[in-house]
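Here the structure comes first, spelled out in structure tokens, and everything after it is commentary.
What follows draws every value from the coordinates through simple rules; no lab data is involved. Note that this is a predicted model, so its numbers are computed, not measured. Neighbour counts are summed over all protein chains in view; Cβ atoms, including those assigned to glycine, are modelled from backbone coordinates with ideal geometry.
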Amino acid sequence: MRRARTATKPGNLGETLKPLFEAALEARTHAHAPYSRFPVGAALRSREGGVFAGCNVENASYPLVTCAEAGAISAMVAAGHKEIVEFLVIGGADKVITPCGACRQRLREFARPGVRVHCMTPQGERTTFSVGALLPSAFGPEHLTEL
Ligand code: THU
């Protein structure tokens, strides 16, 4: 699997990554995670140049949780933007988290295989994957052309 690992500090983030890191960190503070106590924040940049963020939203009926990634993608779609060109997710402090299987499929819907997904801790540790590496040989919109 193609994977680039970079340890960095938030202050040293590149100009494109910093706004995503800050947006995800801010959204993470609004996470509704009273059951898992595991707040997650996500942010993306759209091809149109917008930055959209989301946090996980849990429910007393546990399976109804929505992931931070899903929230960020919904915010982008609601704004009329069509394509993700960069994505970032921040989970807990111990180690970086990667998007769950369902969210990898959600990313696949709106991002080309080469789009980078930065998986970070709040302290700035980062591991970067491509969408294609996270979900190889994926089913996608182009498979529905017969409709
Ligand atoms: N969670 C996310 O929001 N994104 C992920 O990529 C992994 C998991 C949330 C769901 C749940 O609220 C909590 O983290 C623990 O699973």
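What to note about this one:
- Listed residue (73, 55, 131) projecting farthest to the positive dipole end of segment 4-135, Cβ model: 131
- Using 0.36 nm per residue and subtracting the Cα-Cα separation, the extra length available between residue 74 and residue 15 on full extension is 18.8 nm.
- Scanning residues 5 or more positions from residue 130 or on other chains, those with amide H under 5 Å from its amide H are 117, with H placed 1.01 Å from N in the peptide plane.
- Taking every alpha-carbon pair under 8 Å whose residues sit at least 6 apart, segment 4-135 reaches a relative contact order of 24 percent.
- When the GluC sites (Glu not before Pro) in segment 111-147 are filtered for DSSP coil states and for at most 14 other beta-carbon atoms within 10 Å of their beta-carbon, the remaining sites are 146.
- Calculated [θ] (222 nm, deg cm²/dmol) that DSSP helices of n ≥ 4 give over the chain, each run adding -39,500 (n - 2.57): -7000 deg cm²/dmol
- Point-to-point label distance, residue 109-residue 144, nm (Cα→Cβ direction, 7 Å offset): 0.8
- Within the chain, percent of DSSP bridges classed antiparallel, to nearest 5: 75
- Only alpha carbons enter this Debye calculation for the chain, each as an equal point scatterer, and the log10 of I(q)/I(0) it gives at q = 0.08 Å⁻¹ is -0.20.
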